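I have placed the structure first, in the form of structure tokens, so that the comments after it can refer back to it.
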Amino acid sequence: MLSLRWFLIIAVLLVTGCASSPEIKPVIVQPHTPVVAYALSLQGIPYRYGKESPREGFDCSGFVQHVYEHHGISLPRTTREMAASLPPVPKSQLRSGDLVFFNTHGKTISHVGIYVDNSKFVHAPSRHTGRVLVSSLNNRYWRKRFVGVRRP
């Protein structure tokens, strides 16, 4: 018969094992444009501030710039320059491939991603998440920080 001490040790090990972070797998979303299909294919590439290639990694604007450049469309390098150079679109008219902008650092515009569909967007969020991934515009964090939409 197990002693109370062993029972507690086993219980703690079981609970601790369940508390570990699950592996986050790439989100499979049916792309509507070649731009979005390519962006989704880059899920898992590491986040690297100031970088703009699959080999070195991406920051948010480097990711967006690379994806569009891969399809022959030149965009400025920084998030603010992208927002300033592209025409705004009402959120109600979001289309696959549009750029979604956010205020994540108290600046007017400090983050960008590529809209996929069904309130999902693909982006290189931060060192914390560590890689390109798909998020939801309905997520509380992103919903509170949403600034606007631009169309390349």
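Computed from the coordinates by the stated procedures, all read-outs in this text should not be read as laboratory data. Note that the structure is a prediction, hence the values are computed from the model and not measured. Counting neighbours? That spans all protein chains shown, and the Cβs are built from the backbone with ideal geometry, glycine included.
Can you find, among Tyr141, Ser85, Phe58, the residue sitting farthest towards the positive end of the charge dipole of segment 27-150, where Lys and Arg contribute +1 and Asp and Glu -1 at Cβ?
About the Cα centre, the residue reaching furthest to the positive side is Tyr141.
Spelling out what I want: for every residue of segment 129-137, take phi, set θ = phi - 60°, compute 6.51 cos²θ - 1.76 cosθ + 1.60 (Karplus), and round to whole Hz; glycine and proline get x.
7, x, 6, 5, 8, 9, 10, 9, 5
Residues of segment 129-151 with the amide nitrogen closer than 19 Å to a label point 7 Å from the Cα of Glu56, along Cα-to-Cβ, please.
Label zone hits: 130-132.
In terms of Cα to Cα distance under 14 Å, which aspartates and glutamates are near enough to Lys91, apart from those fewer than 8 places away along the same chain?
Reachable aspartates and glutamates: Asp117.
Output ³J(HN,Hα) for segment 36-51: one whole-Hz value per residue in order, computed from phi by the Karplus curve 6.51 cos²θ - 1.76 cosθ + 1.60 with θ = phi - 60°, and x for Gly and Pro.
Each residue of segment 36-51 in turn: 5, 4, 5, 4, 5, 5, 8, 4, x, 5, x, 7, 9, 4, x, 9 Hz.
For segment 81-152, how big is Rg over Rh, using alpha carbon atoms and the Kirkwood form of Rh? The partial results should precede the final answer.
Values: Rg = 11.3 Å, Rh = 12.2 Å.
Dividing the radius of gyration by the Kirkwood radius yields 0.93.
Give me the percent of DSSP beta bridges within segment 27-150 that run antiparallel, rounded to the nearest 5.
On the way: 20 of 21 bridges.
Roughly 95 percent of the beta bridges in segment 27-150 run antiparallel, per DSSP.
Starting from the amide H of Arg131, placed 1.01 Å from N in the peptide plane, find each other amide H under 5 Å away whose residue is 5 or more places distant or on another chain.
Tyr47, Ser126
Mind giving me the nanometre distance, one decimal, between the label points for Tyr49 and Ser126, set 7 Å out from Cα along Cα→Cβ?
In this crude spin-label approximation the distance works out to 1.2 nm.
Return the aspartates and glutamates within reach of Lys107: Cα separation strictly under 19 angstrom, same-chain partners fewer than 8 residues apart disregarded; answer none if there are no such residues.
Cross-link targets: Asp59, Glu81.
Can you compute the modelled spin-label distance between Arg143 and Lys91, with each label point 7 Å from Cα toward Cβ, in nm?
Label at Arg143, label at Lys91, 1.0 nm between them.
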